[in-house]
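Engineer: Sharing a structure below in C-alpha cells format, with a few things to ask.
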C-alpha cells in the first residue's frame with residue numbers, strides 16, 4: 001500500500017491538532033478541589049513553538065500575518081490589549097492574586113490559538129485546506145476524546 005506524501009502530511013497535521021487539543025483539555029478533578037490541568041502549560045509551549053516554526057518555514061504564512069497586522073482594526077485591537085495588560089500588571093502589583101496569570105492565558109487564547117491554523121498555510125496547502133483539516137481534528141477530538149459527564 002503506497003501512501004502519498006500529501007496524505008501523510010494531512011494526517012500529520014490532524015495529529016498535531018489532536019495532540020494540542022489533548023494537551024490543552026486534559027484535566028482531572030480531586031474530591032472537594034478544583035480541576036487540575038496537568039498538561040496545560042505544555043500545550044501552551046507546544047502551540048507557541050508550532051507558530052514560531054511555521055512562521056520561520058513558510059513565507060506564505062508570514063505574508064498573511066503581515067497583511068493582517070497592518071490593518072487599522074488590528075492595530076486598535078493591539079492597543080486595547082496593551083492597555084489591558086498594563087492595567088492588569090498595575091493591579092497585580094497592589095493586590096496579589098491570579099490576575100496576571102489569568103490575563104496571560106486570556107492573551108494566549110485570543111492571540112495564539114486563532115493564528116495557529118493560518119501558520120500552516122504554504123504553497124502546497126491553501127487556507128481552506130488547513131481549516132478543513134482543523135475541522136476534521138475538532139470532530140475527531142469531540143467524538144473520541146470527549147469525556148462523559
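Engineer: Tell me whether the chain comes out rounded, prolate or oblate; compute the Cα gyration tensor, take square roots of the eigenvalues as a ≥ b ≥ c, and use a/c under 1.5 as the rounded threshold.
Structural biologist: Judged from the Cα gyration tensor, the chain comes out oblate (a/c at least 1.5, b/c at or above a/b).
Engineer: Would you mind calculating the relative contact order of the range 1-124 from Cα pairs under 8 angstrom and at least 6 residues apart, reporting the percent as a whole number?
Structural biologist: Reported as a whole number, the value is 26 percent.
Engineer: Could you work out [θ]222 nm for the chain from helices alone, using -39500 (n - 2.57) per DSSP H run of at least four and dividing by all its residues? Round to the nearest 500 deg cm²/dmol. Working shown, then result.
Structural biologist: Working: 6 runs with 112 residues, N = 149.
Helix contribution divided over all residues of the chain: -25500 deg cm²/dmol.
Engineer: Sticking with this one: How do 61-72, 40-51, 90-101, 16-27 rank on mean C-beta neighbours within 10 Å, highest first?
Structural biologist: 16-27, 40-51, 61-72, 90-101
Read-outs: derived from the displayed coordinates by stated rules, not from any lab. Everything numeric here is computed off the predicted structure, so don't read it as measured data. Note: ideal-geometry Cβ built from the backbone for every residue, glycine included; neighbour counts use all protein chains shown.
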